[in-house]
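Structure record follows, encoded as structure tokens.
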Amino acid sequence: MFASLMMLTQGCSEDDEQDVLTDTISSIEVFDVGNEFNGNDIFIKFKSKNPSARNYLIIVNQDEFTISANEVAGLNSDQVVDFSDDDNGRQTRLTGLTRDSQGGPLVEGKSYTIQVYIPESNDMSIPSSSFILREKPKLDGDYAGSWSDNLYSGFQVSMSLTGFGSTYSGQFFYSSTFTSCCGENSDGTIVFALDDQTISEYSMNQSVTDFFGAGGIFYPGVCTGSYEGSGRLLDPIKLQIDFTGEDCEGNHEGRVTFTRIVR
């Protein structure tokens, strides 16, 4: 596939202003999801303003280095990752063979950026924010979430997660902004175990004060609660957990989905 894309870019004239970086691709987010210190560690999400685009090229640069559209044809096949968003949306994971645009291997401790290229329209993105491959638990990070149960539907939540071995723990917030809904440092704590793609021993302990619950009912004082469940990784940055629990509002049974974000 890359050979045909090279022919496409080589067929463009210099009058096409191929060196211009566009905003057609935006919100490029890069996540370190492993400890192999190569492309297998890199998971990428982005947005596209081109609704007809289906094929994309991902290019890794050493920090402060930028590649233009007219330079894509000169790259080797191991310096780009091409994919279609038909099946997985505008997100992909690189490979262990991926090299940067200057030909070097991806290594621990070095700073990189990502650019995304659309062959059909000859659009090259501006570089992403820089990132560094580091050794850390693969789910470490900040997550935006959506909580739905027998009382709430699509309630926005968030959490900050850290890991040790196969166990992860973190702070939980009944808001999308990593702030407490009800005046505390957080609204609860989360703990779970991860085995490959399986989440087990999920536990969330809640503590909130003076809040308005479902139906606008006011609950004065401290409302504690506990939830248990299990789930799985839907992809390297998305967790889905089915839970049951009880607090001052009564029994809860539902599902929460968390997606890792850059902030």
Residue selected from region 17-47 under the condition touching a helix residue (DSSP H, G or I) at 6+ places or on another chain (Cβ under 8 Å) and of a type outside the set (A, V, I, L, M), by the criterion farthest from Lys136 (Cα to Cα): Gln18
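Which is under 17 Å from Met124 (Cβ atoms) and at pLDDT 95 or above, of Gln18, Gln79, Gln10? It would help to see each step written out before you state the result.
Values: Gln18 fails: at pLDDT 95 or above; Gln10 fails: at pLDDT 95 or above.
The match here is Gln79.
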Pairs, first modelled with pLDDT of 95 or more in region 208-225, second of a type in the set (S, T, N, Q) and loosely packed, with under 12 Cβ neighbours inside 10 Å, C-beta under 8 Å, six or more apart: none
Conditions (1) over 18 Å from Arg255 (Cα atoms); (2) touching an Asp or Glu at 6+ places or on another chain (Cβ under 6 Å): number failed by Ser203: (1)
Residues (touching a Leu at 6+ places or on another chain (Cβ under 9 Å), in a strand (DSSP E or B) and open to solvent by 50 Å² or more (accessible area, probe 1.4 Å)) located in region 157-168: Thr162, Thr167
The one condition in (1) open to solvent by 20 Å² or more (accessible area, probe 1.4 Å); (2) among the acidic types (Asp, Glu); (3) at pLDDT 95 or above that Asp187 fails to fulfil: (1)
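Can you say whether Thr179 is in a loop (DSSP other than H, G, I, E, B), over 25 Å from Arg93 (Cβ atoms) and among the β-branched types (Val, Ile, Thr), as far as the supplied structure shows?
Working: in a loop (DSSP other than H, G, I, E, B): yes; over 25 Å from Arg93 (Cβ atoms): yes; among the β-branched types (Val, Ile, Thr): yes.
Answer is yes for this residue.
Give Ser175, Ser166, Ser129 a once-over and let me know the one that is in contact (Cβ under 8 Å) with a residue 24 or more places away in the chain and over 18 Å from the mean Cα position of the chain (by Cα). Steps first, answer last, please.
On the way: Ser175 fails: in contact (Cβ under 8 Å) with a residue 24 or more places away in the chain; Ser129 fails: over 18 Å from the mean Cα position of the chain (by Cα).
Among Ser175, Ser166, Ser129, only Ser166 is in contact (Cβ under 8 Å) with a residue 24 or more places away in the chain and over 18 Å from the mean Cα position of the chain (by Cα).
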Residues of region 127-147 that turn out to be surrounded by 17 or more Cβ atoms within 10 Å (Cβ to Cβ) and either touching a helix residue (DSSP H, G or I) at 6+ places or on another chain (Cβ under 9 Å) or over 18 Å from Phe192 (Cβ atoms) (or both), as a count: 5
Subset of region 91-107 (residues that are under 20 Å from the mean Cα position of the chain (by Cα), surrounded by fewer than 18 Cβ atoms within 10 Å (Cβ to Cβ) and part of a loop (DSSP other than H, G, I, E, B)): Thr95, Gly96
Scope region 208-263; condition over 15 Å from Asp149 (Cβ atoms), acidic (Asp, Glu) and open to solvent by 50 Å² or more (accessible area, probe 1.4 Å); matching residues: Asp210
Meets criteria (touching a residue at least 24 places away in the same chain (Cβ under 8 Å), β-branched (Val, Ile, Thr) and buried (at least 19 other Cβ atoms within 10 Å of the Cβ)) for Ile199: yes
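The values are calculated or read from the model by the stated rules, or taken from the named source; none is laboratory data. Source: prediction; values computed, not measured. Glycine also receives a Cβ, built like all others from the backbone with ideal geometry; neighbour counts cover every protein chain displayed. Please note that ligands, DNA and RNA were not included when accessible areas were found on the heavy atoms of the full protein model with its side chains. Shrake-Rupley method; radii C 1.70, N 1.55, O 1.52, S 1.80 Å.
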